[in-house]
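These notes concern the structure reproduced below.
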Amino acid sequence: QVRLVESGGGLVQPGGSLRLSCAASGSIGSIGTMGWYRQAPGKQRELVAVITRGDSTNYADSVKGRFTISRDNAKNTVYLEMNSLKPDDTAVYYCNMWISRGNYWGQGTQVTVSS
């Protein structure tokens with residue numbers, strides 16, 4: 001059984017920073033692409049950033065230059081460094097991983113950007 005556990009969400013003022021982490025545990029073989037998605041109230045879940053096993057990255061236009069995705073394969077962990085946060089970044093953030101041909105989601109962590 002594979003489990004993804006996220007951490008690092010919270011309340012931050014506009015212009016602030018947060019770092020999200022997501023660690024995989026359980027029967028883990030090879031981990032392929034890792035990613036972060038988010039869902040704001042009343043909106044569909046959307047891609048934030050993804051990183052391949054070869055460290056190629058892709059970002060949503062709305063976060064380019066402000067967010068950075070990275071991974072530590074030894075720790076089965078993906079990170080999302082978020083800077084210059086805006087109120088529009090408020091959402092539940094979910095990590096996603098392809099593990100041994102299966103696709104897995106974390107439980108989500110709330111990020112609220114507000115003064």
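The values are calculated or read from the model by the stated rules, or taken from the named source; none is laboratory data. Everything numeric in this text was worked out from a predicted model, so none of it was measured. Using ideal geometry, Cβ is built from the backbone for each residue, glycine included, and neighbour counts are taken over all protein chains shown. Each accessible area value is taken on the protein alone, full model and side chains, heavy atoms only, with ligands, DNA and RNA left out. Shrake-Rupley method; radii C 1.70, N 1.55, O 1.52, S 1.80 Å.
Just a few scattered comments:
- Every residue from region 91-115 that is hydrophobic (A, V, I, L, M, F, W, C), closer than 16 Å to ALA24 by Cβ and open to solvent by less than 40 Å² (accessible area, probe 1.4 Å): CYS95, MET97, ILE99
- Identity of the residue in region 28-60, assigned to a loop (DSSP other than H, G, I, E, B) and touching a residue at least 60 places away in the same chain (Cβ under 8 Å), that ends up nearest to ARG3 (Cα to Cα): ILE28
- Counting the residues of region 76-85 that are over 16 Å from TYR37 (Cβ atoms) and open to solvent by less than 40 Å² (accessible area, probe 1.4 Å) gives 2.
- Pick from region 32-75, criterion of a type in the set (Val, Ile, Thr), closer than 19 Å to ILE99 by Cβ and in contact with a Phe, Trp or Tyr (Cβ under 7 Å, 6 or more places away or on another chain), ranking: most open to solvent (accessible area, probe 1.4 Å): THR33
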